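Q: Once you've had a glance at the structure underneath, I'll fire off some questions.
The values are calculated or read from the model by the stated rules, or taken from the named source; none is laboratory data. Note that the structure is predicted; figures quoted are calculated from it, not measured. Positions of Cβ are backbone-derived with ideal geometry, glycine not excepted, and every protein chain shown enters the neighbour counts. These accessible areas exclude ligands, DNA and RNA; they are computed on the full protein's heavy atoms, side chains included. Shrake-Rupley method; radii C 1.70, N 1.55, O 1.52, S 1.80 Å.
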Amino acid sequence: GAVVVSESPRVLPEVALTRSAWNGPGTTPFSQWTAPEVGHRSKLGGIPDLEFEIDWPKCSCGVTMSFYGQLDSISDEDMIGDAGLIYVFLCLGCFETKSITQSS
């Protein structure tokens, strides 16, 4: 998806997060109708894999926040909307955070 940024935030190094930590008791697998990538899109840093264009978050101190990470849906039982994600943004100056959820 497209991103609208008014000034360039610092891009943090990208680190993929694996799903193996989420396969403990109490989780159910995704149904056959869920796209194969769902559940495997969590990461820290890099550029967010946004579904829809956003106005990039600004901190209350006025700085454009850095993208810190995205968390994917965990299972059919713990779905974020319709196979959605949570995107977390951080001000590296004062450590204020903002999050956005999107689903397709």
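Q: Cβ-Cβ under 8 Å, sequence separation 6+ or interchain: first residue in segment 86-99 and in contact (Cβ under 8 Å) with a residue 12 or more places away in the chain, partner open to solvent by less than 40 Å² (accessible area, probe 1.4 Å) and of a type in the set (G, A, S). Which pairs?
A: Note: pairs meeting the criteria are Y87/G69; V88/G69; F89/S66; L90/S66; C91/S66; L92/S66.
Q: Turning to a different aspect of this structure: With the condition being at pLDDT 90 or above and open to solvent by less than 30 Å² (accessible area, probe 1.4 Å), I'd like the strands (runs of 3 or more DSSP E) fully within the chain carrying at least 3 qualifying residues.
A: In the chain, 66-72, 85-90 are the strands (runs of 3 or more DSSP E) which contain 3 or more residues that are at pLDDT 90 or above and open to solvent by less than 30 Å² (accessible area, probe 1.4 Å).
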